[in-house]
């Protein structure tokens, strides 16, 4: 009987030693969750070209520069550098679309359309506005009503506005500045 107890005790001791084993660093014992996490490689890092670092600011600047180059290229296809449209209606709803391209500054775009509950900024706004303005046939000497009609048609806006304000800065430095109250 003593033999069976000694054999069982030896087997239990052997299993205990084997279960604890050795880890990769040659140390005995088990890894805790913290030790496992420290040895895990981070595979979710956003990798940029060698000239970029992987911190959040660099990622933002990389995307902002890329989007700004895209928007500048599109704006170069037009005969104006900035456009601002504001239309107010008697029910209190408003439509605003702006693309602003200051010298040596990033292009800013914003679309706030209360008629369709659409409010976007940045590249998304630029894309939605650009599609509407790319085919406008406007010059700095265009008649006021011609400009208003083209803008309303391009953005599919109702003609029953109460106030419309349109500012366009052309590549040659000339401007269109229209502010019309329709009451």
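The values are calculated or read from the model by the stated rules, or taken from the named source; none is laboratory data. No experiment lies behind these values; they were computed from the predicted model shown. Here the Cβ is made from the backbone with ideal geometry for all residues, glycine too, and neighbour counts use every protein chain on show.
The table that follows gives values for the structure above.
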| read-out | value |
| --- | --- |
| Failed item, numbered, when residue 97 is tested on (1) over 24 Å from residue 76 (Cβ atoms); (2) assigned to a strand (DSSP E or B) | (1) |
| Whichever residue in segment 112-123 is surrounded by fewer than 14 Cβ atoms within 10 Å (Cβ to Cβ) and under 27 Å from residue 69 (Cβ atoms) and, among such residues, is nearest to the chain's Cα centre (by Cα) | 121 |
| Members of segment 132-161 that are closer than 14 Å to residue 96 by Cα, in contact (Cβ under 8 Å) with a residue 60 or more places away in the chain and not in a helix (DSSP H, G or I) | 155, 157, 158, 161 |
| Contacts under 9 angstrom Cβ, first residue in segment 95-123 being on the phi > 0 side of the Ramachandran plot and modelled with pLDDT under 95, partner surrounded by fewer than 16 Cβ atoms within 10 Å (Cβ to Cβ) and in a helix (DSSP H, G or I), 6 or more apart | 122/64 |
